[in-house]
Amino acid sequence: MEHTSNTHSTELRDGDLIFIAIPTFLFRQVAAATSSWTSHVGMILHNDAGEPMVYESAIPRSRCVSLESFIARSEDRRYAITRPKQPLTDAHRRALKRAADSRLGQWYDVGFDLDGRRQYCSKFVQTCYFEATGWRIGEELTFRQLLDANPDHGLNFWRWWFAGFIPWGRRTVSPASQLESPLMERVVDSGAAEPAEEPILKAC
């Protein structure tokens, strides 16, 4: 997949997804379990002033934050941005905004249950996109399928996290699978090139 250079100026669009690496023990385990550097994802939507904001499901509740504050939480400020290969229509963008706004304030799901009532980051993105476009961004897997795909990671953390009983049949979706979704293309990866300078991100 072709990535843009770190010195390239990139125009942000509504519906772009932004991926970061949260440097906490839980989210490092999420990244390790999916053999990826990323552990968290948000969706970019512009506010009425034309500023790009990031909608995310975060602990304890889903919220909307500035792009800078979102990136600043990432380890070494690494981030990647993807967007749909099929361009969004104006109707899609309006529907994404409605879907994201309707989910603000919902409690975070520490059990990562795709079929549960609460939200987590990749579920937030997937449900918003499916509601607005009918597209499923990311691969839906059971915990058995997810953890069996990376046997070197081990299960001790997840046994502890789920109080001894991993919910093997529970469906989930990961940030890593959304980063690699065949429906999306990567337009920025701040860790993909040698220069230390970050890409220049511009509002649409």
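What follows is calculated from the coordinates using simple rules that are stated; it is not laboratory data. Predicted, not measured: the structure shown is a model, and the values here were computed from it. Backbone-built Cβ (ideal geometry, glycine too); neighbour counts: all protein chains shown.
Here are a few things to note about the model shown:
- Cα point-scatterer Debye curve for segment 95-140, base-10 log of I(q)/I(0) at q = 0.25 Å⁻¹: -0.91
- Ordered from longest to shortest, the equivalent ellipsoid semi-axes for segment 1-106 are 22, 18, 13 Å, each the square root of 5 times a Cα gyration tensor eigenvalue.
- Placed amide H near residue 79: partners under 5 Å, 5+ positions off or other chain: 190, 191
- Remark: the residue 10-residue 192 segment gains 64.0 nm on full extension, using 0.36 nm per residue and subtracting the alpha carbon distance.
- Relative to the dominant Cα principal axis of the chain, helix 121-133 is inclined by about 60°.
- Put simply, the amide H of residue 185, placed in the peptide plane, has neighbours under 5 Å in 83, 85, leaving out anything fewer than 5 places away on its chain.
- Across 35, 181, 190, mean-square fluctuation computed from a Gaussian network of the chain (C-alpha pairs under 10 Å connected) peaks at 35.
- Partners for residue 85 among aspartates and glutamates (Cα-Cα distance below 12 Å; same-chain residues under 8 apart left out): 16, 185
- Rg/Rh (Cα only; Kirkwood hydrodynamic radius) as it applies to segment 53-103: 1.02
- Efficiency of FRET from Cβ geometry, residue 35 and residue 142, R₀ 22 Å, rounded to 0.05: 0.80
- Radius, Kirkwood style, for segment 103-191 when every pair of distinct Cα atoms is counted (Å): 14.3
- Length gained when the stretch residue 25-residue 110 is fully extended (0.36 nm per residue, less Cα-Cα span): 29.3 nm
- Over all projection directions, the Cα-based convex hull of segment 9-202 averages an area of 10.9 nm².
- Residue exposure sequence - 136, 186, 117 - by fewest surrounding Cβ within 10 Å: 117, 136, 186
- About the centre of its Cα atoms, the chain shows a dipole size close to 760 debye [charges on the beta carbon of Lys, Arg (+1) and Asp, Glu (-1) only; nearest 20 debye].
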